[in-house]
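Below is one structure, written out as structure tokens; the observations come after it.
The values are calculated or read from the model by the stated rules, or taken from the named source; none is laboratory data. All values derive from a computational prediction rather than experimental measurement. Because the Cβ atoms are built from the backbone with ideal geometry, glycine has one as well, and the counts that use them run over all protein chains shown. When the accessible area is computed, the model is the full protein with side chains, heavy atoms only, and any ligands, DNA or RNA have been set aside. Shrake-Rupley method; radii C 1.70, N 1.55, O 1.52, S 1.80 Å.
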Amino acid sequence: MVKYFLGQSVLRSSWDQVFAAFWQRYPNPYSKHVLTEDIVHREVTSDQKLLSRRLLTKTNRMPRWAERLFPANVAHSVYILEDSIVDPQNQTMTTFTWNINHARLMGTMRELLWGSTNLDGLSRRLPSLGLSSNSNVTKTMKGFEYILAKLQGEAPPKTLVETAKEAKEKAKETALAATEKAKDLASKAATKQQQRQ
């Protein structure tokens, strides 16, 4: 059984900006699960394409049933190989990523997320585990847009945490102002009451 996930995004930026942001996309507030990124190999080919291989270390929270199958260090972090081919002449970039921790158990590709297994009993659950990271695709794109905005000199979009924190602070300020106003009104009412007596 094989399951597929395909997502597309339109980035309203020039190719040069997108290309630059790709290499600077970590760290960002949406990708706190990315712990390290290292360049393993980089070369320019005779036809002027840039080939790169990077090793990324990410946190990896697995479902409880899967945690029993893997040692603790594998169940909580994962190593990802990312190969990319940049063609500046045609303004294209192609990337492939592999989860090398679980390479024997399942194969995954991130940009076109794909998962499969030949192990009996896991053929339904394992692709779902690989595809469960498609929620991270949304975070990846938000992080990418965040970095693009910064590179373009724009204010980066606020994260949900930042928005919630601002709303909470505003609510506290409003409540404090309402309390002060109520105290002021109560004080004035008490003064008027005393003047009437």
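Worth pointing out:
- Single residue of region 1-43 satisfying the filter (at pLDDT 85 or above and of a type in the set (A, V, I, L, M)) that is farthest from Phe144 (Cα to Cα): Val40
- Unique residue being at pLDDT below 85 and either more than 18 Å from the chain's Cα centre (by Cα) or assigned to a helix (DSSP H, G or I) (or both) when the list is Thr163, Thr179: Thr163
- The residues of region 179-197 that are of a type in the set (D, E, K, R) and open to solvent by 100 Å² or more (accessible area, probe 1.4 Å), listed by number, are Lys181, Lys183, Lys188, Lys192, Arg196.
- Every pair of residues 6+ apart whose Cβ atoms lie under 6 Å, when the first sits in region 19-37 and is within 28 Å of Pro88 (Cα to Cα) while the second is assigned to a loop (DSSP other than H, G, I, E, B): Val34/Tyr26; Glu37/Tyr26
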